[in-house]
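**Student:** The structure that follows is given in the form of structure tokens.
The values are calculated or read from the model by the stated rules, or taken from the named source; none is laboratory data. What you see is a predicted model; the values in this text were computed from it and never measured. Using ideal geometry, Cβ is built from the backbone for each residue, glycine included, and neighbour counts are taken over all protein chains shown. Surface accessibility is based on the protein's heavy atoms, side chains included, excluding ligands, DNA and RNA. Shrake-Rupley method; radii C 1.70, N 1.55, O 1.52, S 1.80 Å.
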Amino acid sequence: MTACSRRNFVSGVGALILTTGATVSLTAQGESDKQAKPKRYAMVHDETACIGCTACMEACRETNQVPEGVSRLEIIRSEPIGEFPNQEYEFFRQSCQHCTNAPCVAVCPTGASYIDPETGIVDVHKDLCVGCQYCVAVCPYRVRFIHPVHKTADKCNFCRDTNLANGKQPACVEACPTKALTFGDMNDPQSAVAMKVKMNPVYRTKVELGTQPNLYHIPFGKGEHR
């Protein structure tokens, strides 16, 4: 079996996993419906504000000590839109979606890949990861990689153990010169990220897979959206 067919097989298994394992919580009779929900951290990338400077990528690499050759975050530039000299570009953020229904978590044989119940952040227990790469293969967004030093699965974790642990915003958010990134708790309707999603047209990628991604995009408004 070729490497390509192996990946397609595992990805297919992951798609099936997405349809199972749903968790249902029931509110006890008489309990207040206003009971506080756990946090669900999310991010919005405003493509109308992004200038493709890649300051976010550099800040992520420095803050999280990401080695050269791999990346937790990429800004992808589109083909030119329009005619010279009035050409424009669309910039697309590619990083972990922090899926509420994460196939990488469902497929992990050791429990290394998990969703933090207090924040909704998808993360990796490095001490449990055996480097099997099942999560890398099954991720429909192709954003996981094996860390060349630690030899374990790695990806964006919203700077959970660096900036967030120190009460700051993710490094990419702090570094963006045009404020194209908004981060916060989607379960708080008054948070900046919830308001941003409410007040703007947004889209998420591959929602048809049932992953329930928590990375939102404000569309550039020209050309074809992913």
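**Student:** Taking Lys39 as the anchor, which aspartates and glutamates have their alpha carbon closer than 18 Å to its alpha carbon, excluding any fewer than eight residues away along the same chain?
**Tutor:** In chain and number order, the partners are Asp116, Glu118, Asp123, Asp161, Asp185, Asp188.
**Student:** Quote to one decimal, in nm, the extra length available between Lys151 and Tyr203 on full extension: 0.36 nm per residue of separation minus the C-alpha distance between them.
**Tutor:** Residue separation times 0.36 nm, minus the Cα-Cα distance, leaves 15.3 nm.
**Student:** What does the net charge come to around Cys176 if you take all other residues with beta carbon closer than 13 Å to its beta carbon, with K and R at +1 and D and E at -1?
**Tutor:** Surrounding charge for Cys176 is -2.
**Student:** Rounded to whole Å, give me the distance from the Cα center of the range 170-188 to that of the range 90-165.
**Tutor:** After rounding, the separation between the Cα centres reads 19 Å.
**Student:** Let me ask you something else. Ordered by residue, what ³J(HN,Hα) values in Hz, to whole numbers, does the range 196-213 give under the Karplus form 6.51 cos²θ - 1.76 cosθ + 1.60, where θ = phi - 60° and Gly and Pro are x?
**Tutor:** Per-residue couplings from phi come out as 4, 5, 5, 8, 10, x, 9, 9, 10, 9, 6, 5, 5, 7, x, 6, 6, x Hz.
**Student:** Sorted by mean Cβ packing within 10 Å, highest first, what order do the peptides 168-177, 74-83 take?
**Tutor:** Numbers: 168-177: 19.6, 74-83: 12.7.
Listed from highest to lowest mean packing, they are 168-177, 74-83.
**Student:** R0 = 25 Å: FRET efficiency of Tyr89 with Gln133, Cβ-based, nearest 0.05?
**Tutor:** 0.15
**Student:** Please list Thr48, Thr205 in order of solvent-accessible area, largest first, computed with a 1.4 Å probe with all protein chains present.
**Tutor:** Thr48, Thr205
**Student:** Here's a follow-up. Among the listed pairs Lys37/Lys206; Lys37/Lys179; Lys126/Lys155, which are separated by more than 22 Å between their Cα atoms? Show your work: numbers first, answer last.
**Tutor:** Working: Lys37/Lys206 26 Å; Lys37/Lys179 28 Å; Lys126/Lys155 12 Å.
Over 22 Å apart, Cα to Cα: Lys37/Lys206; Lys37/Lys179.
**Student:** Order the following by accessible area, largest value first: Cys53, Cys159. Probe radius 1.4 Å; ligands, DNA and RNA are ignored.
**Tutor:** Most to least solvent-accessible, the answer reads Cys53, Cys159.
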